[in-house]
Amino acid sequence: WISGEPELRLLLGLLAEAAVPVPALFWVGLKRNASACTHEEQPLRGFSWEGVGGGTAPQEVPPALGRWLQEPLRSCLIARCAGLHLAADRGDGSSWGWKE
């Protein structure tokens, strides 16, 4: 999971060093269970981090991590995943965002 901007910048830097072709979509543990609803007022829109290796994912998400390239579907009925979408940098630093 990505708990803040420093981790996000590190991940983006590693992907840039690896010369990952864009556009690309990486699942980084974001999931919304079937019993959870979309919450437009939350940065992750009701998605949460899957626990990895027995660890506990952070519940609080900095607003800066709430960059969605496309808003997720409004739903409370089916499980959905979201990933880190990389795109070509348009010069305004918006080369990433979440995408369902």
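Every number here is computed from the coordinates shown, using simple stated rules; none is lab data. Since we're looking at a predicted model, the values are computed, not measured. Methodologically, a virtual Cβ is constructed for each residue, glycine included, from the backbone with ideal geometry; neighbour enumeration extends over all protein chains shown.
Points to keep in mind about this one:
- Stokes-Einstein diffusion coefficient of the range 1-51, Kirkwood radius over Cα pairs, 37 °C, 0.692 mPa s, in µm²/s: 259
- Estimated FRET transfer efficiency when R0 is 22 angstrom, pair residue 26-residue 76 (beta carbons, to 0.05): 0.25
- Total formal charge among the other residues, if their Cβ is under 14 angstrom from that of residue 99, Lys/Arg +1 and Asp/Glu -1: +3
- Less than 5 angstrom separates the built amide H of residue 97 from those of 85, all sequence-distant by 5 or more or on a different chain.
- In this structure, the amide hydrogen of residue 28, modeled 1.01 Å from its nitrogen in the peptide plane, lies closer than 5 angstrom to those of 84, counting only residues at least 5 positions away or on a different chain.
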